[in-house]
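This report concerns only the one structure given below.
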Amino acid sequence: MIGFLPEVLEVGGQDIPINADFRNILTIFEAYNDPELTDQEKVYVSLKLLYAGPIPYFHTQEAYEKAVWFMSGGDSIPMSKPEEVKTIDWKQDEGMIMPAVSKTLGVPDVRGIPYLHWWSFLGAFGEIGEGLFSTVVDLRQKKAKGKKLSKAEAEFWNKNKSLCKIVTAEEQAEIDETEAFLKTLV
């Protein structure tokens, strides 16, 4: 339906209210990226955080499918279509994404808005134009496709590796372990 921002999802013939604020969905995505959670735990977290009301007992699968539909922006395409290389990390890129979305929406900082529907956030995210985030994602995509970076792009990448390179869960675990060890030396 055109112009519709769902605040409820129909599951098992019942309308169940949802927590549709963008921060809630980003929290769910954070759980999806947590290597310590099992797939079953990730599904549980997503259902628990998204639905504000009880889910009919025998309709958990339907509730999850509707949740995926909602988090995908109403697309029937699966949310986790396989990517060869990850080019966006919601948590790592937050410092670039939020200013870009804020600029698109014309607000000082989107995080200061008391409520913003996930689909409105997604719409603004999709309209991000030129800027730091676009540059970084473009470079990540080029590297993922094996394309050669120009001299200026390679220089930018090398000077801004902490922004440009997505840290894997394994790399983050090594970083955390090193930082913990260094703290013991102080």
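What follows is calculated from the coordinates using simple rules that are stated; it is not laboratory data. Keep in mind that this is a model prediction, so the values were computed, not measured. Quick reminder, even Gly has a Cβ in these numbers, built from the backbone with ideal geometry, and neighbours come from all protein chains shown.
Structure data summary
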| read-out | value |
| --- | --- |
| Extreme residue, positive dipole direction of the chain, given options Thr178, Trp69, Ile28 (C-beta unit charges) | Thr178 |
| Cross-link reach list, lysines versus Lys159, counting only Cα pairs under 29 Å and skipping chain neighbours closer than eight places | Lys86, Lys91, Lys103, Lys142, Lys143, Lys145, Lys147, Lys148, Lys151, Lys183 |
| FRET efficiency estimate (nearest 0.05) - Cβ-Cβ, Ala169 to Ala52, R0 30 angstrom | 0.50 |
| Most to least packed among 27-40, 56-69 [average Cβ atoms within 10 Å] | 56-69, 27-40 |
| Order by protection proxy (mean Cβ within 10 Å, highest first), peptides 112-122, 15-25, 171-181 | 15-25, 112-122, 171-181 |
| Cα gyration tensor, the range 43-156 - rounded (a/c under 1.5), prolate or oblate | oblate |
| Förster-model FRET efficiency, 45 Å R0, Lys161 and Glu7, C-beta, rounded to 0.05 | 0.60 |
| Length added when fully stretched, Thr60-Asp109, from 0.36 nm per residue minus Cα-Cα | 14.0 nm |
| Computed label-point distance, nm, for sites Glu94 and Thr184 using a 7 Å Cα→Cβ extension | 2.8 nm |
| Degrees between helix 132-144 axis and first principal axis of the chain (Cα, 0 to 90, nearest 10) | 80 degrees |
